[in-house]
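The values are calculated or read from the model by the stated rules, or taken from the named source; none is laboratory data. Every value quoted in this text rests on a predicted model; they were computed, and no experiment measured them. Cβ sites come from the backbone with ideal geometry, for glycine too, and all protein chains shown count toward neighbours.
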Ligand SMILES: C[S@@+](CC[C@H](N)C(=O)[O-])C[C@H]1O[C@@H](n2cnc3c(N)ncnc32)[C@H](O)[C@@H]1O
């Protein structure tokens with residue numbers, strides 16, 4: 001039974017690798033993959049919405065050639081290879097092995113797969129695959145965000161991996177991390193694990209247990225980061241990540257793969273000599289992620305939508321889900337800036353006050369007009385009623401967590417706008433020295449100290465913002481300033 005659960009849930013729809021309009025692709029690039037909802041009914045009858053054949057992502061052939069070129073630097077030859085999520089067995093092309101085993105959960109792909117003469121494909125969930133001790137565990141494993149992985153499956157898989165690895169995994173990690181762990185378990189004592197996975201695993205807190213596990217064994221690691229997108233229409237920063245279990249120097253090396261497929265050594269995870277920004281807890285000043293009310297389409301309206309739905313300004317509060325329309329030189333979100341770059345520009349800028357007990361008739365009518373299908377989001381389903389989100393306090397500073405160069409846009413919030421989505425708030429109990437803090441933040445070269453999620457898009461994590469804010473508090477203290485008290 002447990003395995004049946006595994007089979008269903010492990011089929012995934014990787015949207016970050018699908019063809020999307022550039023804008024949607026950018027929005028999706030970090031978080032990447034289509035939603036998989038699973039139910040008991042779906043266990044016996046796969047849902048048509050899966051559209052598996054269209055959404056399966058294949059690894060481009062030049063990447064496979066490069067993959068084997070890279071693994072050759074660690075081993076000339078493999079006796080046995082396990083391909084986890086084999087698809088059409090394309091990883092079997094060009095590999096120096098005696099025996100190849102591909103495990104693939106999608107029946108359709110298995111039917112058309114071309115296993116090599118020295119190998120086979122097994123239609124199964126790789127977590128059910130009993131054999132172990134492979135010379136190499138390889139592949140391009142599936143990617144799905146933690147809230148798209150069915151809880152029961154996750155609990156069971158995490159329990160198993162934790163038991164076998166003696167680690168405490170973060171349940172917010174991505175599905176590919178489970179495959180990575182499985183590869184470490186299924187490979188022989190001196191085996192190699194080589195995967196095409198997002199580069200972010202080298203720094204994300206949710207993958208910390210995996211990194212610590214590798215460090216605990218002192219295995220050597222090499223991470224080859226692609227400078228260019230390798231999946232069509234997708235900008236997620238990908239890597240070939242290799243763990244060499246035969247080496248115990250505990251060395252981590254980083255490389256770039258240029259668009260011409262040359263390998264260039266890098267100093268470290270990030271471009272800065274100081275490395276990646278630390279992750280720290282909240283201090284006296286802290287960052288808070290933008291509100292996720294349930295769906296920006298429903299909860300944040302443009303001026304036109306507000307008027308068309310007969311909502312008065314009492315039904316809404318100003319909000320900013322993105323700072324994209326605001327010029328980089330802008331320092332304050334004043335009334336006139338808000339009017340020009342949000343209200344008149346047709347941006348989403350009004351957050352409906354659906355959390356309140358007292359709602360106007362117009363607001364109730366608007367909420368009733370929202371189709372049930374549109375509110376099938378994780379957040380809406382976990383709110384009672386579906387529209388009663390928990391409001392955030394008004395931030396003193398607005399911080400756009402995603403950026404393309406140097407650092408995020410940072411605005412002093414003089415109109416009491418709410419931070420939504422990727423726009424975060426900077427908060428403190430006391431009134432902040434706003435200009436000083438803003439100047440400080442604007443001088444931080446975030447670009448050099450974060451791991452790029454995509455070639456152009458960089459993203460700060462909220463705990464990294466906290467580290468910067470804590471450093472500011474430390475500096476204020478040193479200068480004997482009030483804001484540190
Ligand atoms: C990103 S695709 C890669 C396919 C192929 N290896 C390639 O590189 O083109 C990941 C594959 O993993 C398969 N998969 C997902 N969950 C699985 C599981 N639990 N066991 C086996 N295969 C799985 C998917 O069906 C999909 O074919």
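The single residue among 273, 247 that is at pLDDT below 85 and assigned to a loop (DSSP other than H, G, I, E, B) turns out to be 273. Exactly one residue out of 293, 327 is within 28 Å of the chain's Cα centre (by Cα), exposed (fewer than 15 other Cβ atoms within 10 Å of the Cβ) and within 24 Å of residue 426 (Cα to Cα): that is 327. When you look at residue 387, is it surrounded by 20 or more Cβ atoms within 10 Å (Cβ to Cβ) and modelled with pLDDT of 95 or more, yes or no? Judged against the criteria, residue 387 is a match.
So that you can scan it fast, the table gives a plain yes or no per residue for (1) at pLDDT 95 or above; (2) within 24 Å of the chain's Cα centre (by Cα); (3) near the ligand (Cβ under 9 Å from one of its atoms); (4) not in a helix (DSSP H, G or I):
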residue	(1), (2), (3), (4)
23	no, yes, no, no
38	no, yes, no, yes
57	no, yes, yes, yes
65	yes, no, no, no
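For region 250-270, residues that are in a loop (DSSP other than H, G, I, E, B) and free of Cβ contacts under 8 Å to residues at least 60 places away in the same chain total 8.
Table: residues versus (1) surrounded by fewer than 15 Cβ atoms within 10 Å (Cβ to Cβ); (2) more than 28 Å from the chain's Cα centre (by Cα); (3) touching a residue at least 12 places away in the same chain (Cβ under 8 Å); (4) more than 12 Å from the ligand (Cβ to nearest atom).
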site	(1), (2), (3), (4)
76	yes, yes, yes, yes
92	no, yes, yes, no
116	no, yes, yes, yes
122	no, yes, yes, no
129	no, no, yes, no
135	no, yes, yes, yes
141	no, no, yes, no
144	no, no, yes, no
148	no, no, yes, yes
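Only residues that are closer than 13 Å to residue 213 by Cα and in contact with a helix residue (DSSP H, G or I) (Cβ under 6 Å, 6 or more places away or on another chain) were counted across region 154-167, and they come to 4.
If the condition is being assigned to a loop (DSSP other than H, G, I, E, B) and either crowded, with 20+ Cβ neighbours inside 10 Å or modelled with pLDDT of 95 or more (or both), then region 356-382 contributes 359, 360, 370, 371. All of 238, 159, 207 fail the test of being away from the ligand (no atom under 16 Å from the Cβ), in the same structural domain as residue 258 (by TED's automatic domain parsing) and under 23 Å from residue 277 (Cα atoms), apart from 207.
It is to be established whether one or more residues within region 276-287 are under 21 Å from the mean Cα position of the chain (by Cα) and modelled with pLDDT of 95 or more. For region 276-287, residues under 21 Å from the mean Cα position of the chain (by Cα) and modelled with pLDDT of 95 or more: present.
Before we move on, is residue 206 within 16 Å of the chain's Cα centre (by Cα) and either touching a residue at least 12 places away in the same chain (Cβ under 8 Å) or in a strand (DSSP E or B) (or both)? Yes; evaluated as a whole, the condition is true for this residue. Here the condition is being surrounded by fewer than 17 Cβ atoms within 10 Å (Cβ to Cβ) and modelled with pLDDT under 95; of 481, 436, it holds for 481 alone. Please determine, by comparing only the residues of region 416-432 that are out of contact with any strand residue (DSSP E or B) (no Cβ under 6 Å at 6 or more places or on another chain) and crowded, with 19+ Cβ neighbours inside 10 Å, which one is farthest from residue 254 (Cα to Cα). That would be 432.
Screening the candidates 128, 75, 90, 107 for the property of being more than 18 Å from residue 246 (Cβ to Cβ) and modelled with pLDDT of 95 or more yields one hit, 90.
Return the total of residues in region 94-113 being within 29 Å of residue 237 (Cα to Cα) and either touching a helix residue (DSSP H, G or I) at 6+ places or on another chain (Cβ under 6 Å) or more than 12 Å from the ligand (Cβ to nearest atom) (or both). Matching residues across region 94-113 total 10.
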